[in-house]
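The values are calculated or read from the model by the stated rules, or taken from the named source; none is laboratory data. What you see is a predicted model; the values in this text were computed from it and never measured. Because the Cβ atoms are built from the backbone with ideal geometry, glycine has one as well, and the counts that use them run over all protein chains shown.
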């Protein structure tokens with residue numbers, strides 16, 4: 001990641017994903033709280049949420065933003081714990097792969113649930 | 001170290017002359033504490049041991065005074081590096097009661113403890129006892145190009161000197177007080193695990209030269225620090241600024257330096 | 001031969017010795033890791049929706065226990081602290097909030113460790129505690 005991008009660009013993405021994700025998380029929590037916490041977790045209620053396209057877009061955006069921010073944060077911590085070319089490349093590409101897998105796995109749920117494939 | 005509390009001969013104040021009897025009545029204010037000194041020679045020893053010495057001290061006695069008393073009168077083999085004894089040379093940095101400090105700048109009375117433990121600074125390679133190696137810090141310091149970079153020079157310039165206003169000087173003067181004692185690098189949590197990190201000392205010096213309006217090497221330095229183990233390894237824990245004995249405030253310099261990379265400063 | 005005096009992870013993870021800023025650094029790391037762990041779990045948890053109502057309800061039951069509620073309360077606290085302190089760091093790391101460099105005078109109080117910064121840390125901790133109490137109230141229908 002950092003061999004193709006300057007570290008300052010990565011950090012700009014890190015800050016930006018955090019700020020935008022905070023906004024979406026607030027929306028996500030407000031939706032749950034305004035519906036009543038227990039009621040909002042009913043199966044039918046959750047499926048109805050997913051079928052609302054704007055809300056599904058919020059969930060997808062949140063998934064991408066938090067994954068990017070979270071795995072970059074993990075990469076930063078792991079790179080400070082140990083150094084060495086092989087280890088650093090393994091951590092960098094490992095985090096990138098984990099991020100892509102998590103986004104793909106979460107997107108599968110969002111897409112299938114919003115399309116009614118449940 | 002003055003043990004009795006009486007002034008040396010020739011230093012009496014005029015009013016005291018002829019009243020020697022009265023002077024002798026003054027009780028010595030010395031207290032005693034235990035000085036624990038870490039002894040370890042990586043070439044010979046397997047593990048560090050602590051030597052303990054009872055040392056009497058006055059309000060003004062520094063930790064370096066106590067170490068030198070132990071070295072002079074108890075154990076000549078204690079390895080300690082010092083020079084100026086006035087927080088100017090940056091030689092006597094060590095861990096004093098768990099925190100990096102200058103031994104010559106730390107009074108025993110300030111520590112408020114009956115036991116003073118001195119160890120070599122963390123995050124530096126140990127040479128012997130209280131002496132650590134500064135090679136890496138100095139090479140990192142050199143890496144950030146700690147000098148004014150510009151094409152012309154004061155000799156060739158028509159004005160013969162590069163004039164600066166007091167405001168121009170204020171922008172960097174704080175950071176030019178660095179004595180390269182290494183306390184900031186020793187306190188830094190990133191340096192604790194990442195030995196390739198530039199460190200607060202080098203980064204603060206990068207800011208010192210970039211903020212200097214005579215300098216034209218900003219882009220060169222920003223390129224050096226904007227890498228994997230560069231400026232972004234700082235997470236603003238502020239420990240460097242807390243231990244700096246000269247008020248350099250490296251944490252501030254690093255955050256200001258980041259402004260250039262984030263586009264807030266030109 | 002020189003012996004490396006690197007403190008290692010122990011030094012990095014030790015929040016003591018250097019005041020509230022170092023505690024905030026430590027909490028930021030711990031909460032970040034905790035939230036990433038929760039996020040991965042949350043994505044896995046919600047994927048049970050695709051297996052039908054029974055699978056969703058059985059997954060939901062896991063969080064309806066006392067342990068589940070305590071975990072979720074911690075997540076709320078971690079989220080609020082990480083956000084509050086993260087905003088403080090973003091502002092500070094952009095070079096704002098601690099004035100201009102000046103000639104250092106004894107006793108050299110560092111302006112980067114000023115009261116504004118400390119206050120922001122305490123407020124982040126306070127808000128996290130309040131949010132945790134609110135979260136407990138919602139979960140237990142108080």
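Brief remarks follow.
- Of the residues making up the stretch A:65-80, not one is away from chain C (no Cβ under 11 Å) and surrounded by fewer than 18 Cβ atoms within 10 Å (Cβ to Cβ).
- Checking each residue in the stretch B:113-136 for being in a loop (DSSP other than H, G, I, E, B), crowded, with 21+ Cβ neighbours inside 10 Å and in contact with a strand residue (DSSP E or B) (Cβ under 6 Å, 6 or more places away or on another chain) picks out B:120, B:121, B:124, B:129, B:130.
- Entry remark, the stretch C:18-36: residues being over 13 Å from the mean Cα position of the chain (by Cα) and either more than 7 Å from every other protein chain (Cβ to nearest Cβ) or over 24 Å from residue B:196 (Cβ atoms) (or both) number 2 in total.
- Residue match in the stretch B:252-265 (condition: buried (at least 17 other Cβ atoms within 10 Å of the Cβ) and more than 14 Å from chain C (Cβ to nearest Cβ)): no
- Residue within the stretch A:29-42 that is within 13 Å of chain C (Cβ to nearest Cβ), more than 25 Å from residue C:37 (Cβ to Cβ) and under 21 Å from the mean Cα position of the chain (by Cα) present: no
- Some residue of the stretch A:81-99 being touching a residue at least 40 places away in the same chain (Cβ under 8 Å), buried (at least 19 other Cβ atoms within 10 Å of the Cβ) and within 21 Å of residue C:34 (Cβ to Cβ): yes
- Considering the stretch B:88-112, and only residues there that are in a loop (DSSP other than H, G, I, E, B) and at pLDDT below 95, the residue that is surrounded by the fewest Cβ atoms within 10 Å (Cβ to Cβ) turns out to be B:112.
- Some residue of the stretch C:76-99 being surrounded by fewer than 16 Cβ atoms within 10 Å (Cβ to Cβ), under 28 Å from residue B:179 (Cβ atoms) and over 21 Å from the mean Cα position of the chain (by Cα): yes
- Matching residues, the stretch A:43-63, being under 11 Å from the mean Cα position of the chain (by Cα) and either surrounded by fewer than 17 Cβ atoms within 10 Å (Cβ to Cβ) or not in a helix (DSSP H, G or I) (or both): A:61
- Residue check, residue C:139 surrounded by 15 or more Cβ atoms within 10 Å (Cβ to Cβ) and within 14 Å of chain B (Cβ to nearest Cβ): no
- Total residues in the stretch B:173-183, condition over 8 Å from the mean Cα position of the chain (by Cα), under 18 Å from residue B:236 (Cβ atoms) and in a helix (DSSP H, G or I): 1
- Looking only at residues in the stretch B:227-251 that are within 7 Å of chain C (Cβ to nearest Cβ) and free of Cβ contacts under 8 Å to residues at least 60 places away in the same chain, the one that is nearest to residue A:92 (Cα to Cα) is B:235.
- Residue match in the stretch B:137-149 (condition: without any contact (Cβ under 8 Å) to a residue 24 or more places away in the chain, in a helix (DSSP H, G or I) and within 14 Å of chain C (Cβ to nearest Cβ)): no
- The residues on offer are B:216, B:255, and the sole one that is on the phi < 0 side of the Ramachandran plot and either part of a helix (DSSP H, G or I) or touching a strand residue (DSSP E or B) at 6+ places or on another chain (Cβ under 9 Å) (or both) is B:255.
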